[in-house]
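Inspection log for the structure reproduced underneath, given as C-alpha coordinates.
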Amino acid sequence: MRKSKNSLAGNSRTITAKSIVLFKTAIYFFYAIPLIFVTYLYLMALHAQETFFTPVIREPIITIMFVIAMLNPFFAVLTKVAVNDLESKKHVKLSYVTLWMVAVSQLLIGNLFGSIILLLGLYQQRKEQPALLEKKIDFKYKGAYVRFLGSTLVFFLSMVCLFLLIKIHFPNG
(Lines give C-alpha, C1' and ligand atoms only; values in the text may rest on other atoms or scores of the structure.)
Protein backbone atom coordinates (compact mmCIF):
# COMPACT_ATOMS: atom_id res chain seq x y z
CA MET A 1 0.00 0.00 0.00
CA ARG A 2 2.70 2.48 0.91
CA LYS A 3 4.41 1.99 -2.38
CA SER A 4 1.25 2.90 -4.25
CA LYS A 5 0.79 6.07 -2.16
CA ASN A 6 4.35 7.14 -2.91
CA SER A 7 3.90 6.47 -6.60
CA LEU A 8 0.68 8.50 -6.59
CA ALA A 9 2.51 11.40 -4.98
CA GLY A 10 5.22 11.09 -7.60
CA ASN A 11 2.63 11.02 -10.37
CA SER A 12 0.98 14.14 -8.95
CA ARG A 13 4.27 16.02 -9.14
CA THR A 14 4.79 14.73 -12.67
CA ILE A 15 1.33 15.89 -13.73
CA THR A 16 1.96 19.30 -12.20
CA ALA A 17 5.20 19.52 -14.14
CA LYS A 18 3.29 18.62 -17.33
CA SER A 19 0.78 21.44 -16.94
CA ILE A 20 3.51 23.94 -16.12
CA VAL A 21 5.46 22.80 -19.18
CA LEU A 22 2.37 23.39 -21.33
CA PHE A 23 1.90 26.88 -19.91
CA LYS A 24 5.56 27.78 -20.33
CA THR A 25 5.50 26.49 -23.91
CA ALA A 26 2.59 28.83 -24.57
CA ILE A 27 4.52 31.72 -23.01
CA TYR A 28 7.55 31.15 -25.24
CA PHE A 29 5.29 30.75 -28.24
CA PHE A 30 3.59 34.08 -27.46
CA TYR A 31 6.99 35.78 -27.26
CA ALA A 32 8.10 34.21 -30.56
CA ILE A 33 5.11 35.33 -32.64
CA PRO A 34 6.09 39.04 -32.83
CA LEU A 35 9.65 38.11 -33.76
CA ILE A 36 8.46 35.83 -36.53
CA PHE A 37 6.00 38.42 -37.84
CA VAL A 38 8.56 41.25 -37.79
CA THR A 39 10.99 38.99 -39.65
CA TYR A 40 8.30 38.28 -42.24
CA LEU A 41 7.51 41.98 -42.51
CA TYR A 42 11.19 42.82 -42.95
CA LEU A 43 11.64 40.19 -45.67
CA MET A 44 8.48 41.36 -47.44
CA ALA A 45 9.75 44.96 -47.37
CA LEU A 46 13.15 43.89 -48.68
CA HIS A 47 11.59 41.90 -51.48
CA ALA A 48 9.41 44.83 -52.54
CA GLN A 49 12.28 47.32 -51.99
CA GLU A 50 10.18 49.41 -49.64
CA THR A 51 10.61 50.73 -46.13
CA PHE A 52 9.82 48.51 -43.16
CA PHE A 53 6.37 49.90 -42.31
CA THR A 54 5.14 50.48 -45.87
CA PRO A 55 3.25 47.15 -46.01
CA VAL A 56 1.68 47.92 -42.62
CA ILE A 57 0.51 51.32 -43.86
CA ARG A 58 -0.75 50.16 -47.27
CA GLU A 59 -2.37 46.81 -46.46
CA PRO A 60 -5.17 46.80 -43.87
CA ILE A 61 -4.86 43.05 -43.32
CA ILE A 62 -1.14 43.41 -42.57
CA THR A 63 -1.97 46.24 -40.17
CA ILE A 64 -4.38 44.03 -38.24
CA MET A 65 -1.91 41.16 -38.25
CA PHE A 66 0.73 43.55 -36.91
CA VAL A 67 -1.58 44.55 -34.05
CA ILE A 68 -2.34 40.88 -33.33
CA ALA A 69 1.36 40.02 -33.32
CA MET A 70 2.10 42.88 -30.94
CA LEU A 71 -0.67 41.75 -28.58
CA ASN A 72 1.07 38.43 -28.03
CA PRO A 73 3.70 39.71 -25.55
CA PHE A 74 0.80 40.94 -23.40
CA PHE A 75 -0.72 37.46 -23.60
CA ALA A 76 2.65 36.07 -22.51
CA VAL A 77 2.89 38.40 -19.52
CA LEU A 78 -0.67 37.64 -18.40
CA THR A 79 -0.02 33.91 -18.77
CA LYS A 80 3.28 34.13 -16.90
CA VAL A 81 1.76 35.99 -13.94
CA ALA A 82 -1.15 33.53 -13.80
CA VAL A 83 1.19 30.52 -13.93
CA ASN A 84 3.37 31.97 -11.16
CA ASP A 85 0.26 32.37 -9.02
CA LEU A 86 -0.85 28.82 -9.80
CA GLU A 87 2.58 27.49 -8.81
CA SER A 88 2.45 29.36 -5.51
CA LYS A 89 -1.27 28.54 -5.07
CA LYS A 90 -2.19 32.21 -4.66
CA HIS A 91 -5.14 33.90 -6.40
CA VAL A 92 -5.98 30.65 -8.15
CA LYS A 93 -9.46 31.56 -9.34
CA LEU A 94 -8.29 34.86 -10.86
CA SER A 95 -5.44 32.99 -12.55
CA TYR A 96 -7.90 30.53 -14.08
CA VAL A 97 -10.12 33.38 -15.30
CA THR A 98 -7.07 35.13 -16.78
CA LEU A 99 -5.88 31.97 -18.53
CA TRP A 100 -9.36 31.28 -19.91
CA MET A 101 -9.60 34.83 -21.26
CA VAL A 102 -6.18 34.51 -22.89
CA ALA A 103 -7.12 31.13 -24.41
CA VAL A 104 -10.38 32.48 -25.82
CA SER A 105 -8.60 35.60 -27.09
CA GLN A 106 -6.09 33.40 -28.88
CA LEU A 107 -8.94 31.48 -30.43
CA LEU A 108 -10.60 34.71 -31.58
CA ILE A 109 -7.50 35.98 -33.34
CA GLY A 110 -6.92 32.63 -35.02
CA ASN A 111 -4.01 31.34 -32.98
CA LEU A 112 -5.20 27.77 -32.59
CA PHE A 113 -1.86 26.44 -31.40
CA GLY A 114 -1.60 28.89 -28.49
CA SER A 115 -5.23 28.38 -27.55
CA ILE A 116 -4.99 24.58 -27.59
CA ILE A 117 -1.81 24.61 -25.48
CA LEU A 118 -3.47 26.82 -22.87
CA LEU A 119 -6.67 24.76 -22.87
CA LEU A 120 -4.67 21.55 -22.44
CA GLY A 121 -2.73 23.15 -19.58
CA LEU A 122 -5.96 24.30 -17.92
CA TYR A 123 -7.47 20.84 -18.30
CA GLN A 124 -4.35 19.23 -16.85
CA GLN A 125 -4.25 21.70 -13.95
CA ARG A 126 -7.92 21.15 -13.19
CA LYS A 127 -7.39 17.39 -13.28
CA GLU A 128 -4.49 17.70 -10.83
CA GLN A 129 -6.02 20.07 -8.30
CA PRO A 130 -9.82 20.31 -8.58
CA ALA A 131 -10.21 21.61 -5.02
CA LEU A 132 -8.32 24.81 -5.81
CA LEU A 133 -11.08 26.00 -8.17
CA GLU A 134 -13.63 26.28 -5.40
CA LYS A 135 -12.06 29.48 -4.08
CA LYS A 136 -13.54 32.89 -4.92
CA ILE A 137 -11.85 35.69 -6.81
CA ASP A 138 -10.28 38.03 -4.28
CA PHE A 139 -9.98 41.61 -5.53
CA LYS A 140 -8.49 42.80 -2.23
CA TYR A 141 -4.87 42.24 -3.14
CA LYS A 142 -2.93 44.90 -4.99
CA GLY A 143 -2.70 43.58 -8.56
CA ALA A 144 -6.10 41.91 -8.93
CA TYR A 145 -7.86 44.81 -10.62
CA VAL A 146 -4.90 45.52 -12.87
CA ARG A 147 -4.68 41.91 -14.00
CA PHE A 148 -8.41 41.60 -14.54
CA LEU A 149 -8.48 44.90 -16.43
CA GLY A 150 -5.47 43.85 -18.53
CA SER A 151 -6.97 40.50 -19.48
CA THR A 152 -10.30 42.19 -20.27
CA LEU A 153 -8.52 44.79 -22.41
CA VAL A 154 -6.61 42.25 -24.51
CA PHE A 155 -9.80 40.20 -24.84
CA PHE A 156 -11.62 43.30 -26.11
CA LEU A 157 -8.78 44.10 -28.54
CA SER A 158 -8.91 40.52 -29.81
CA MET A 159 -12.62 40.90 -30.49
CA VAL A 160 -11.97 44.18 -32.33
CA CYS A 161 -9.28 42.50 -34.45
CA LEU A 162 -11.65 39.64 -35.26
CA PHE A 163 -14.39 42.10 -36.21
CA LEU A 164 -11.99 44.06 -38.46
CA LEU A 165 -10.70 40.88 -40.12
CA ILE A 166 -14.27 39.82 -40.87
CA LYS A 167 -15.07 43.31 -42.16
CA ILE A 168 -12.06 43.28 -44.49
CA HIS A 169 -12.71 39.79 -45.86
CA PHE A 170 -16.47 40.32 -46.28
CA PRO A 171 -16.89 44.05 -47.00
CA ASN A 172 -20.54 43.80 -48.07
CA GLY A 173 -21.62 41.35 -45.37
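Contact map, segment 27-52: first residue within 19 Å of residue 81 (Cβ to Cβ) and touching a residue at least 40 places away in the same chain (Cβ under 8 Å), second residue among the basic types (Lys, Arg) and open to solvent by 90 Å² or more (accessible area, probe 1.4 Å), Cβ cut-off under 7 Å, separation 6 or more or different chains; pairs are 27/80.
Let's see how each residue does on (1) surrounded by 16 or more Cβ atoms within 10 Å (Cβ to Cβ); (2) among the hydroxyl-bearing types (Ser, Thr, Tyr); (3) within 24 Å of the chain's Cα centre (by Cα):
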| position | (1), (2), (3) |
| --- | --- |
| 42 | no, yes, no |
| 46 | no, no, no |
| 50 | no, no, no |
| 57 | no, no, no |
| 61 | no, no, yes |
| 74 | yes, no, yes |
| 84 | no, no, yes |
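Restricting the first member to segment 143-162 and to residues that are closer than 13 Å to residue 71 by Cα and touching a residue at least 24 places away in the same chain (Cβ under 8 Å), and the second to residues that are aromatic (Phe, Trp, Tyr) and open to solvent by less than 50 Å² (accessible area, probe 1.4 Å), the beta-carbon pairs closer than 8 Å and six or more apart or on different chains are 154/75. Consider residue 127 carefully, then state whether it is in a helix (DSSP H, G or I) and among the charged types (D, E, K, R). So residue 127 fits the description; yes. Checking every residue in segment 150-173 against the condition of being modelled with pLDDT under 85, charged (D, E, K, R) and open to solvent by 60 Å² or more (accessible area, probe 1.4 Å) gives zero matches. Quick one: would you say residue 118 is modelled with pLDDT of 85 or more, under 30 Å from residue 63 (Cβ atoms) and exposed (fewer than 12 other Cβ atoms within 10 Å of the Cβ)? No, not satisfied.
The values are calculated or read from the model by the stated rules, or taken from the named source; none is laboratory data. Here the structure is a predicted model, which is why all the values come from computation and not from measurement. Cβ sites come from the backbone with ideal geometry, for glycine too, and all protein chains shown count toward neighbours. Heads up: the accessible areas ignore ligands, DNA and RNA and are worked out on the full protein's heavy atoms, side chains in. Shrake-Rupley method; radii C 1.70, N 1.55, O 1.52, S 1.80 Å.
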